[in-house]
Amino acid sequence: MLKLENLSKHFGGVRAVDDLSIEVNRGEVFGLIGPNGSGKSTIVNLICGVYTPTAGSIRLLGNEISGLTPNRRLVAGVARTFQNIRLFDDMPVWKNLWVAQNSTEDANKHNLLRRWFGGAGSDRDEIDALLEFSGLGGRGGELAGSLAFGEQRRLELARAVAAKPQLLLLDEPAAGMNFDEIKDLAKRIKGLREQDMSIILVEHIMELVMGVTDRIAVLNFGGKIAEGTPDEIQKSSVVQEAYLGKPQDVA
């Protein structure tokens, strides 16, 4: 599905990502963990096109996408959420989903205008399904900015799913959530995996990461120091010392 090969991103003398190679399989939840400043969000920004790599390649389904603009990467099948919620607060909930739909009608500007004022029944059905997915059924007419924090998080996830991505990038989706909301998020991520969607999860909440991922890469200072299953990562002495905490002797 996704292959990063010898990927690097330098900001002056700072090597935010340094010669990184990972591969994400179809239908897999792949975790990226590491201390603050280890390069996790930079990798997300490289994949979705916010940053241009200093070196290396990004291949999606065998095709090099490093030269594509962010909007072309969305069309190619890459969607994301953000650490800080970025909804259109003054637009209704349903229209926040509408703008993200990768509709075949949008290839023609006249069709885009028509869809704004109604559009195909299939598009409306998709929006209704996404409202149910986000737990916002019956609230499509409310302004997005009026929703509670957890509801906005769910709407942002649904908006990314509305683009019908093959690869979904989740950048700290549990930030600010309470325990029950995180449990609910875990169920939604597992549900998307069951739909054969590939997901990259960047997260600091280890209970969520260990509970939903198939494999994890651990980063430190822009490089990968370990990769494996959640169980392998938890047992790694290298990871424990660099990130999860070096075991302490008990007297």
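Below is a table of values for the structure above.
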{"read-out": "Gaussian network model of the chain, springs between alpha carbon atoms under 10 Å - residue of ASN84, ASN25, ASN45 with greatest fluctuation", "value": "ASN84"}
{"read-out": "Reference-scaled alpha-carbon Rg (2.2 N^0.38 Å with N residues) for the chain", "value": "1.06"}
{"read-out": "Above-threshold pairs, the threshold being 20 Å between Cα atoms, out of LYS183/LYS235; LYS3/LYS224; LYS9/LYS40; LYS95/LYS187; LYS187/LYS224", "value": "LYS183/LYS235; LYS95/LYS187; LYS187/LYS224"}
{"read-out": "Helix 179-194 axis, angle to the chain major axis (alpha carbon atoms, nearest 10°)", "value": "80 degrees"}
{"read-out": "Solvent-free Debye scattering, log10 I(q)/I(0), computed from the Cα coordinates of segment 38-96 at q = 0.24, 0.26 Å⁻¹", "value": "-1.02, -1.11"}
{"read-out": "Residues whose placed amide H lies under 5 Å from that of ARG80, excluding near-sequence neighbours", "value": "LEU169"}
{"read-out": "Approximate spin-label separation THR229-ARG15, in nm, with each point projected 7 Å along Cα-to-Cβ", "value": "3.2 nm"}
{"read-out": "Spacing of the two label points (7 Å from each Cα toward its C-beta) at HIS204 and PHE221, in nm", "value": "2.2 nm"}
{"read-out": "Sorted peptide list for 53-66, 29-42, criterion being average Cβ within 10 angstrom, highest first", "value": "29-42, 53-66"}
{"read-out": "Distance-filtered residues of segment 14-46 - backbone nitrogen under 19 Å, label point 7 angstrom along ASP196 Cα→Cβ", "value": "24-30"}
{"read-out": "Segment GLN240-ASP89, extension gain: residue separation times 0.36 nm, minus the distance between their alpha carbons", "value": "50.3 nm"}
{"read-out": "Computed [θ] at 222 nm, deg cm²/dmol, the chain (DSSP H ≥ 4; -39,500 (n - 2.57); rounded to nearest 500)", "value": "-10000 deg cm²/dmol"}
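Throughout, read-outs are computed from the coordinates displayed, never taken from laboratory work. Note that this is a predicted model, so its numbers are computed, not measured. Ideal geometry is used to build each Cβ from the backbone, glycine not excepted, and the neighbour counts take in all protein chains shown.
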